[in-house]
Amino acid sequence: GAGVSQSPRYKVAKRGQDVALRCDPISGHVSLFWYQQALGQGPEFLTYFQNEAQLDKSGLPSDRFFAERPEGSVSTLKIQRTQQEDSAVYLCASSLDLVRAQAGYTFGSGTRLTVV
Amino acid sequence: DQQVKQNSPSLSVQEGRISILNCDYTNSMFDYFLWYKKYPAEGPTFLISISSIKDKNEDGRFTVFLNKSAKHLSLHIVPSQPGDSAVYFCAASVTNAGKSTFGDGTTLTVKP
């Protein structure tokens with residue numbers, strides 16, 4: 001597609017509910033990144049993929065967070081047993097490859113998750 | 001410990017004047033630095049970057065300066081336009097590490 005597409009744009013979850021956030025990167029982009037942005041803060045790294053391989057998941061805050069990219073294109077970020085502190089905007093970004101990621105990603109518009 | 005800091009949460013300038021946004025970092029391993037611009041309800045958009053082997057990079061109205069000894073970079077916008085009003089994020093990365101570390105942003109308001 002023309003840009004990075006994320007769905008849903010907004011998600012309200014009850015505490016304890018599981019959620020799944022989807023990211024469609026730009027076609028042909030090998031590198032895919034997930035970031036979490038809390039209100040008033042900058043994006044914080046969660047995890048990244050090179051094709052289907054998850055090369056770094058050091059930013060995932062707990063084992064309730066899980067990401068996958070099984071066919072090297074669409075990615076899903078899953079949060080189990082959501083808690084209020086999970087409320088944030090979840091941003092997905094993609095890049096042609098890791099080298100070009102250093103020259104800037106293309107971000108999606110994000111999914112705003114509110115846990116009530 | 002925040003490795004990338006933008007100490008000014010907001011900046012207001014008059015249209016046509018220069019906007020200077022600042023960023024400090026602590027990790028000497030960072031060797032690539034980027035600026036992103038973000039409008040409300042949108043994701044950040046890449047603006048300009050600089051490698052640590054350079055001290056200046058220019059793209060139209062935007063210039064980024066890097067002072068490695070001071071671990072400081074700045075973004076200059078000349079002349080500033082009302083459409084430049086947005087949140088600006090500074091980010092830093094290590095070659096081939098993949099991830100970027102972001103500051104908390106500076107909200108720029110350019111008044112007509």
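No lab work stands behind these numbers, since they all come straight from the coordinates. All values reported here derive from a predicted model rather than from experimental measurement.
Can you give the Rg/Rh ratio of the protein assembly as shown, where Rg is from the C-alpha atoms and Rh is the Kirkwood radius?
Here the Rg-to-Rh quotient is 0.97.
Computed over chain A, relative contact order equals 36 percent, with contacts defined as Cα pairs under 8 Å that lie 6+ residues apart. Distance from the Cα centroid of segment B:57-112 to that of segment A:1-57 is 23 Å (rounded to whole angstrom). Dividing the mean sequence gap of close Cα pairs (under 8 Å, 6+ apart) by how many residues segment A:72-116 holds gives a relative contact order of 46 percent. Remark: the A:Ser7-A:Ser62 segment gains 17.6 nm on full extension, using 0.36 nm per residue and subtracting the alpha carbon distance.
For the pairs A:Lys78/B:Lys56; B:Lys5/B:Lys111; B:Lys56/B:Lys111; A:Lys11/B:Lys54; A:Lys78/B:Lys71; B:Lys68/B:Lys99, flag any whose C-alpha to C-alpha distance is greater than 31 Å. Flagged as over cut-off: A:Lys78/B:Lys56; A:Lys11/B:Lys54; A:Lys78/B:Lys71.
By the Cα gyration tensor, chain B has an equivalent ellipsoid whose semi-axes, rounded to whole angstrom, run 23, 15, 12 from largest to smallest. Altogether, the Stokes-Einstein calculation at 4 °C and 1.567 mPa s, with the Kirkwood radius of segment A:2-116 over Cα pairs as Rh, returns a diffusion coefficient of 93 µm²/s.
Dividing the helix sum by the residues of the protein assembly as shown, where each DSSP H run of 4 or more adds -39500 (n - 2.57), gives a mean residue ellipticity at 222 nm of 0 deg cm²/dmol.
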